[in-house]
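In what follows, a structure is listed as structure tokens, so that the remarks can point back to it.
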Amino acid sequence: MHEHDINMFFSFIFHLSSFIFYRLSSTFTSPPPCKQMEEGSGCVSVAVTAPTGMAAINVGGQTIHSFAGIGLAQGDREKIITKVFNTKAAVERWEKCQVLIIDEISMLDAHLFQLLDEIARIIKKKEEPFGGIQIILVGDFLQLPPVAKDKDRIFCFQSDLWEKAGLNGTG
């Protein structure tokens, strides 16, 4: 990691913690889909998400399903991806997003994690993991299991994508 990246990360964490403190100490209102954080003279578009509505409220964000435009993510992969592409607002959120924060990551199963990666790569037109979007994953894998219907409960860290994205701590 370069010094600029490290400084940007710590600046981001400071602003995020200030934002969360502010959100928890004020009356809840609907959050915007992406937050703008200053980076030098420009802005960084940050999406703050969580797998459940309550977790999303707690971080002042929205559900990952809402952000991604996948609804309940029911049906086959192609059907879900088509749904996203037919939702202009969802495509715009993905196009603008530079940083994606997912809280309570343990609740996100491997299938959904891989689907989100695929959607991001297609919309961003980049083959790197999540189409080059920086992802920040927050949570405790020993606290809550993945939410999955009619599927094996496979943690997202058990997917090949976890290692490919450099999230295994070795790269």
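For the stretch 81-100, residues that are open to solvent by 10 Å² or more (accessible area, probe 1.4 Å) and either touching a residue at least 40 places away in the same chain (Cβ under 8 Å) or assigned to a helix (DSSP H, G or I) (or both) total 12. Name the pairs whose Cβ atoms lie under 8 Å apart, with the first residue in the stretch 145-171 and open to solvent by less than 100 Å² (accessible area, probe 1.4 Å), the second part of a loop (DSSP other than H, G, I, E, B) and at pLDDT below 75, and 6 or more positions between them or separate chains? These pairs meet every condition: Ile154/Ala148. Test Ile135 against the stated conditions and say whether it is open to solvent by 70 Å² or more (accessible area, probe 1.4 Å) and either not in a helix (DSSP H, G or I) or not hydroxyl-bearing (Ser, Thr, Tyr) (or both). So Ile135 does not fit the description; no.
The values are calculated or read from the model by the stated rules, or taken from the named source; none is laboratory data. This is a predicted model, so every value here is computed, not measured. Every residue, glycine as well, gets a Cβ built from its backbone with ideal geometry; the counts of neighbours run over all protein chains shown. Heavy atoms of the whole protein, side chains included, go into the accessibility calculation; ligands, DNA and RNA do not. Shrake-Rupley method; radii C 1.70, N 1.55, O 1.52, S 1.80 Å.
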